[in-house]
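First comes the structure, then the notes that go with it.
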Amino acid sequence: MTDAHTRGPTRYAPAVRSGQERTDGGPESYRWGMAVDKSTLPTTEDEWRVRLSPEEFRVLRQAGTEAPFTGEYVDTKTPGLYHCRACGTELFSSDTKFDSHCGWPSFDEALPGAIKYVEDRSHGMVRVEVRCAVCDSHLGHRFDGEHYTPKNARYCINSVSMTLEPREGA
Ligand SMILES: [Zn+2]
């Protein structure tokens, strides 16, 4: 009986409901306010294509970019949470949104565990692509060292990749 402590689902009991325990940032990093049931998400790109609008599909699933200064959230100041438009996962708080004047909604921090990074070598550049950690949809890019805010990071995110849920009473 030496394998009792390996990968058993009962090894520890998370305080949160199971089913949403994806933790790419460490056990303390996730705080799922809204459980996204991954089993209901599309498993093929054809399924995503049906579920999303053509522009959403192009950006979210094909790593496209919306034209600058055209997205609905570029100048939005409404308090609330920005969700992944593909799967509903909470990604960014309006508290971390700032005016970068770059043409896309910009945040200096993501919600813990909400996103993942992929090296992007397209267009002759090396950039850090930002994707939804749950459904792997493209959100935008992260840039560091620009000194916009004390956190010194800019998550440059397509409006079409997100849905704003206004804060209660806002
Ligand atoms: Zn997602």
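In Å, what is the Rg of the alpha-carbon atoms in segment 83-170, and how long is Dmax?
Both quantities, over Cα of segment 83-170: 12.7, 45 Å.
Which whole-Hz couplings ³J(HN,Hα) result when phi for each residue of segment 119-128 is put into the Karplus expression 6.51 cos²θ - 1.76 cosθ + 1.60, θ = phi - 60°, listed in order with x for Gly and Pro?
Result, rounded to whole Hz: 5, 10, 10, 6, 6, x, 10, 10, 10, 9.
Sequence-distant or interchain residues sharing an amide H contact under 5 Å with Gly80, placed H: which?
Excluding prolines and chain starts, which carry no amide H, the hits are Ser94, Asp95, Arg167.
How would you rank Met125, Met162, going from fewest to most other Cβ atoms within 10 Å of each one's own Cβ?
Met125, Met162
Would you calculate the separation in nanometres between label points at Asp95 and Thr40, each defined as 7 Å from the Cα along the Cα-to-beta-carbon direction?
Going by the 7 Å Cα→Cβ label model, 2.8 nm.
GluC sites (Glu not before Pro), restricted to segment 46-138: which are DSSP loop and have at most 15 other Cβ atoms within 10 Å?
Hits after loop and neighbour filter: Glu72, Glu109.
So how do Phe69, Phe107 line up by other beta-carbon neighbours within 10 Å, fewest first?
By the 10 Å Cβ count, ascending: Phe69, Phe107.
Could you run the Karplus curve 6.51 cos²θ - 1.76 cosθ + 1.60 with θ = phi - 60° over segment 81-96 and give me ³J(HN,Hα) per residue in whole Hz, x for Gly and Pro?
Once rounded to whole Hz, the list reads 10, 9, 9, 5, 6, 7, 10, x, 4, 5, 10, 9, 9, 4, 4, 9.
Throughout, read-outs are computed from the coordinates displayed, never taken from laboratory work. Just so it is clear, the model here is predicted, and its values are computed rather than measured. No Cβ is skipped: glycine too gets one built from the backbone with ideal geometry, and neighbour counts run over all protein chains shown.
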